[in-house]
1. Only one of (1) under 31 Å from the mean Cα position of the chain (by Cα); (2) closer than 24 Å to ASN260 by Cα is not met by PRO352, so which one is it?
2. Filter the range 70-92 for residues that are of a type in the set (Ser, Thr, Tyr) and over 17 Å from GLY149 (Cβ atoms); which is surrounded by the fewest Cβ atoms within 10 Å (Cβ to Cβ)?
3. For the range 43-58, does any single residue satisfy the condition of being in contact with a Leu (Cβ under 6 Å, 6 or more places away or on another chain) and either modelled with pLDDT under 90 or within 16 Å of SER181 (Cα to Cα) (or both)?
4. Tell me, which helices (runs of 4 or more DSSP H) wholly within the range 1-84 include 2 or more residues that are closer than 24 Å to GLN168 by Cα and of a type in the set (D, E, K, R)?
5. So, in the range 453-479, how many residues would count as being farther than 18 Å from SER437 by Cβ and surrounded by fewer than 16 Cβ atoms within 10 Å (Cβ to Cβ)?
6. Looking at this structure, is SER394 modelled with pLDDT under 95, in contact with a strand residue (DSSP E or B) (Cβ under 8 Å, 6 or more places away or on another chain) and either assigned by TED's automatic domain parsing to the domain that holds ASN332 or charged (D, E, K, R) (or both)?
7. Pick from THR445, THR438, THR426: which is touching an Asp or Glu at 6+ places or on another chain (Cβ under 6 Å) and closer than 19 Å to LEU306 by Cβ?
8. Among the numbered criteria (1) farther than 24 Å from GLY507 by Cα; (2) modelled with pLDDT of 90 or more, which single criterion is violated by ASP441?
Amino acid sequence: MGKYKQRDRIAKLVSWGHWFTLANILICLVIGLFYVQSALDSTSALATGYLIISWLGHFAFLPFVFFIVLVFPFCLILPYSGILRGYAAVIASIGIFALLFDAIFFGQYGFHLNTYSLTQLAADAEEWFPGGSFLMLLVVIFSFLFILGLQLILANLSWKRHDSLQGQGFAKVLAAVFIGSFLISHSTHIWADANIYTPITQQDDLFPLSYPTTAKSLMARHGWITVEGFQSQSDRLTGNQRLVARYPHTPMLCSKFSSNQGVTIIAFDSLSSAQQTELTQAIPTLQLHQHRHLGQRQVPTAVYNLLYGMPDLYTESLKQQNVDPAYLQIMNDFATPVRLFSTEEFPEHALPAALESSFTLFSGQVNYNFTLDIVLAANLDTANIIEFLAQQPSTQQIIITALTNRQLTGSMVNADPQSLAVPLYTLNMQLNNRQLSTLEDIVPTALSNFMSCADGFRSFTNGQDMRQESRNLPRVMSVRPYIYIFENSQTTVIDENGDMQLFNADGEIVPGAVPPTPVFIQSLRELQRFGG
């Protein structure tokens, strides 16, 4: 008789475990909605359907696997309900807490939790306000205790109501839906992976612990696809793919400042060492900033980079859309128009077609208005610019930079990030100590004199206000045909074939090194943030 009682007890515990797991599946599905909300905008009904089915299958699968691996064996070897309920509640609390924390982190940063991301989160908390990391620790502790209390209630409630739950038929229907969703989502992914259907495959890193099935070789073996056809399609998509700019990314919500200081941006196509010496000797108050400041390789691309504040990946799309820089209309609404000038020597073909009629030939006139002036000059115009600077009002803020470093690059396409270095000078403007700045930072820095926006200008640029204190690295920059990821002590360069080179702080190549995965993912997401 004792043997039958033992068997019945185990059977009841296993059955209880299923109900307890079902309750946690429903919780996971709710948390999973955070990931769905963070997903890229689906471009087709098929991709949207896959997202929903994948959500159902994946977040049902996770709790079930935890039950099978961590709880089910104890139902057989330790069939005591009180101990097992407490143990299962602790295991479920750890899993639910990790999932919830990961979902919140993923929504904020775009990649999943690991040791690097926890360090970054603590650093961000301290940046937001002093003592932020300690407060975050308290929130973590109390959140876990709350989840543990909820799990203990669910474990005990499902045990006490076990007999009444057994009569319910909806569990079988839900189980069929979850199993079907899991199988269909993986089957669909096999097809999408084989056919390079990016609206589906781009969701691969959306859910945590997700490893979608791929079976190119399996499908080729069964004759469903050919390896040659797959490779041909892959090459075609890689070669022709262009990012479509959604510009601005979101509406600009800005308020006007009453500024009594104008800002003039002077961007030379390039500046030699001799020309820089000529500038600083003529205007001794010019301040050369010693941090790394990077330009582009081609002047037309650099002009887009400067005026629009957008990575060069979007240059072609901006040309096709024929749009003006997003901040021009805002500044006009504030009765503080942006004045655009170019010198006679500056190459006319480098001016954006959408702005050609907005550019005025630079005459060297003194600006006594509190406006934002942007002057594009050739390196042959150094003497004229010096004369112009000498006439400026004493309060006028000046930013001087070069668009390219022709001394280093010339006609050679060099992966070394040092080949992008260009000078950055200011007058009557103090910049914060930074490790890195780019052409994308110039206009946001100038605009911060005239207005404040809810998102800090992120609606139209990846650039940063160089006068604000902020964690400067890691940063990503696109200079075709390379993508640069800058960290504190190293720089990763990715070429158009996906091959990587890593340079240390001294500019030396480090063989075999790769960037931390979270940095890599976050950087590429930032680069593609404006992709439509």
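1. For PRO352, the failing item is (2).
2. In this case the residue turns out to be TYR80.
3. The initial filter retains those residues of the range 43-58 that are in contact with a Leu (Cβ under 6 Å, 6 or more places away or on another chain), namely none.
Within the range 43-58, none of the residues are in contact with a Leu (Cβ under 6 Å, 6 or more places away or on another chain) and either modelled with pLDDT under 90 or within 16 Å of SER181 (Cα to Cα) (or both).
4. On the way: elements: 2-38, 45-66, 72-77.
Here the list reads 2-38.
5. If we filter the range 453-479 for residues that are farther than 18 Å from SER437 by Cβ, which is where we start, we get 453-455, 459.
Cutting the leftovers down to surrounded by fewer than 16 Cβ atoms within 10 Å (Cβ to Cβ) gives us 454-455.
Residues meeting the conditions: 2.
6. no
7. Numbers: THR438 fails: touching an Asp or Glu at 6+ places or on another chain (Cβ under 6 Å); THR426 fails: touching an Asp or Glu at 6+ places or on another chain (Cβ under 6 Å).
Only one candidate qualifies: THR445.
8. Going through (1) farther than 24 Å from GLY507 by Cα; (2) modelled with pLDDT of 90 or more one by one, ASP441 breaks only (1).
The values are calculated or read from the model by the stated rules, or taken from the named source; none is laboratory data. All of these numbers come straight from a predicted model, not from anything done at the bench. Positions of Cβ are generated from backbone atoms using ideal geometry, with glycine treated the same way; all protein chains shown enter the neighbour counts.
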